[in-house]
Amino acid sequence: MKKGIFMTGTDTGVGKTFLSAGLISALKEKGFSVCPMKPVETGCKILKGELVPEDALKLVKAAGVSEPLDLVNPYRFKHPLAPSVAAELEGAKTGKRKIIAAYNKLSAGYDIMIVEGAGGIMVPIYNKYLYLDLIRDLALPVVIISRPGLGTINHTLLTIEAARNRGIDITGVIINYTARHGKDISMKTNPRVIEKLTGTPVLGVVPYMKNFRIKIFKDLAAGILSRL
Ligand SMILES: Nc1ncnc2c1ncn2[C@@H]1O[C@H](COP(=O)(O)OP(=O)(O)O)[C@@H](O)[C@H]1O
Ligand SMILES: [Mg+2]
């Protein structure tokens, strides 16, 4: 079994952190030791002079680990921009070596790593080094989180195609409702269309949850584990 999953999405705000945290809880309930990573976080608030990486902290809380924050989240920036752009604006540099070293160090102590990207897979980390390149360097399979409504077929297929072009394994797609929703015929038809056009399984359609529902995440975790 591979020791990690890279949680990516078709966009920002699709539910990567929400689903990562839920999966971490479900995997822990199944008896696995799990450690999260958010290699780069942008858009951090400043509290008492320190940048606060909210996604990384949510994932750490779900996992209940006490690893150094600089390993879980090696790079953090204030501006809500792509990592390479935020770093440049803030006069900083990022690099893959620090991220890969942190990943290797953390993963040695756990059954499974859950790694959250930022935005989608073609977001630049530095220069021309994209999340796609990091995923390939970490040799992780990806789970792609997609929106439910109109437009998602295009975004999901683009993401799948780009991942395949780099030889990245795709575990599957999760369609996630980040908000309460009305009726949209595309929401019903999308999962079938995505599976048919890509041959990639839709691992689940996650409803908007007012309250955390562990059963949904346990089912997702089972589907993911069976494909690793
Ligand atoms: N299935 C869901 N049910 C309820 N709220 C959700 C769900 N998925 C995401 N959210 C909420 O939607 C917002 C965006 O999700 P988030 O996980 O932060 O996206 P991303 O990490 O992809 O930027 C957050 O406020 C999150 O709590
Ligand atoms: Mg997030």
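Of note:
- Of all residues in the stretch 27-48, exactly one satisfies the criterion of being within 14 Å of ligand 1 (Cβ to nearest atom), of a type in the set (A, V, I, L, M) and under 13 Å from A63 (Cα atoms), namely M37.
- For the stretch 86-139, filtered to residues that are outside any strand (DSSP E or B) and β-branched (V, I, T), the residue that is surrounded by the most Cβ atoms within 10 Å (Cβ to Cβ) is I121.
- The stretch 49-68: number of residues that are closer than 26 Å to P124 by Cα, in contact (Cβ under 8 Å) with a residue 12 or more places away in the chain and either among the hydroxyl-bearing types (S, T, Y) or more than 16 Å from ligand 1 (Cβ to nearest atom) (or both): 1
- Among residues of the stretch 201-216 that are of a type in the set (V, I, T), those with a beta-carbon under 9 Å from a residue that is surrounded by fewer than 13 Cβ atoms within 10 Å (Cβ to Cβ) at least six positions away or on a different chain give the pairs V202/R192; I214/E29.
Yes/no per residue for (1) within 13 Å of ligand 2 (Cβ to nearest atom); (2) in contact with a Gly (Cβ under 8 Å, 6 or more places away or on another chain); (3) under 25 Å from S146 (Cβ atoms):
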| site | (1), (2), (3) |
| --- | --- |
| G4 | no, no, yes |
| G9 | yes, yes, yes |
| M37 | yes, no, yes |
| S66 | no, no, no |
| D70 | no, no, no |
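- Test: residue in the stretch 12-32 that is assigned to a loop (DSSP other than H, G, I, E, B), buried (at least 21 other Cβ atoms within 10 Å of the Cβ) and among the aromatic types (F, W, Y): no
Values quoted throughout were computed directly from the atomic coordinates according to the rules given, and no laboratory measurement underlies them. What you see is a predicted model, and the numbers here were worked out from it, not measured in a lab. Glycine gets a Cβ as well: all are built from the backbone with ideal geometry, and neighbour counts include every protein chain shown.
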